[in-house]
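Below you'll find the structure, written out as C-alpha cells, and then a few comments.
The values are calculated or read from the model by the stated rules, or taken from the named source; none is laboratory data. Fair warning: this is a prediction, and the values are worked out from it, not measured in the lab. Neighbour counts are summed over all protein chains in view; Cβ atoms, including those assigned to glycine, are modelled from backbone coordinates with ideal geometry. In case anyone asks, the SASA skips ligands and DNA or RNA and just uses the protein heavy atoms, side chains included. Shrake-Rupley method; radii C 1.70, N 1.55, O 1.52, S 1.80 Å.
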Amino acid sequence: MSGNSIDVHAVRSLVETDPDTLLVDVRTAAEYESSHIPGAVNLPLQRVDDHLERIAADAGRGLVLVCQSGARARRCQDRLAEAGLRDTVVMSGGMNVWEAQGAPVVRGRERWALERQVRLVAGGLVLTSVLASLLWPPAVALAGLIGAGLAFAAVTDTCMMGTALARLPYNRPRGHVDIEDSLERIAARR
C-alpha cells in the first residue's frame with residue numbers, strides 16, 4: 001500500500017486478494033456497531049492517542065483506515081505518521097461511499113452518524129438562539145458563537161462538539177468494546 005488514500009473499489013479488491021488486509025475503523029464504537037465492514041476492527045479516533053506508540057510499533061505493515069467520510073481517518077493517519085507508522089492509507093469517502101456502492105456491511109443497532117448529530121445540535125442551537133432573540137435580542141450571540149465554532153472546526157479539521165457528542169451514552173454501544181482485542185489484531189499481523 002502506498003500513497004495517502006485508496007478508493008473503495010481498490011479496497012474491495014485488496015480485501016478479496018489479500019485476506020490479511022486489516023481495515024481499522026476509527027469511528028465511535030456506536031457508529032461501528034451501527035454498520036461496519038466485515039472483518040474491520042474498531043479503534044475509535046478518540047482512543048488512538050492513548051495507544052499511539054503501541055499501534056505504531058505493532059502494526060508491522062500497512063493499515064487501511066476507515067471512518068464515515070474520510071476526515072477522521074486522515075487525522076488518525078497523521079497521528080500515526082507522527083508516531084512513525086507511515087504505511088497507512090485512508091479509504092476515500094469512507095463508509096458513505098462504501099455503502100453507496102452496495103459493498104457488504106455488518107449491521108447492528110442503527111444510530112445517527114456523529115457528523116449528522118453535530119449538524120442537528122448546531123442547527124438546533126442556532127435556530128433556538130435566533131428565535132429567542134426575538135424576545136431577548138442578546139440571545140442571537142449564541143448563533144454567532146456556534147457559527148464561529150463551525151468555522152474553526154472547518155479550518156482546523158477538528159470538532160469539539162463532535163468530540164463531546166461521542167461521549168454521550170447514546171453514542172456508546174450496548175456491549176463492552178474491547179480495545180485490547182483491536183490492538184491485538186493489529187499486532188498479530190507482524
Q. In the chain, with Lys and Arg counted as +1 and Asp and Glu as -1 at Cβ, which of these residues, ALA132, THR17, ALA29, has the Cα nearest the positive end of the dipole, that is, farthest along it?
A. ALA132
Q | Accessible surface, segment 47-190, averaged per residue in Å² (probe 1.4 Å) | A | 57 Å²
Q: Any chance you could check the Cα centroid distance between segment 19-98 and segment 136-170 for me, in angstrom?
A: 25 Å
Q: State the percentage of accessible surface on the chain attributable to carbon and sulfur atoms; use a 1.4 Å probe and exclude ligands, DNA and RNA.
A: 58 percent
Q | Cleavage-rule hits, trypsin sites (Lys or Arg not before Pro), segment 65-171, DSSP coil, Cβ neighbours within 10 Å at most 13 | A | ARG86, ARG109, ARG167
Q.
Can you show me the helix-derived [θ] at 222 nm for the chain, built from DSSP H runs with n ≥ 4 at -39,500 (n - 2.57) apiece and divided by the number of residues, rounded to the nearest 500.
A. -15000 deg cm²/dmol
Q.
Could you order the peptides 91-104, 134-147 from most to least packed, using the average number of other C-beta atoms within 10 Å per residue?
A. 91-104, 134-147
(Q) Shape verdict for segment 8-68, please, from the Cα gyration tensor: rounded (a/c under 1.5), prolate (a/b greater than b/c) or oblate. (A) oblate
Q) For segment 40-190, what is the relative contact order in percent, using Cα pairs closer than 8 Å and at least 6 residues apart in sequence? A) 29 percent
Q. For Rg and Dmax of the Cα atoms in Å, which listed value, [x] 15.3, 54; [y] 15.5, 43; [z] 18.3, 63, comes from the coordinates shown?
A. [z]
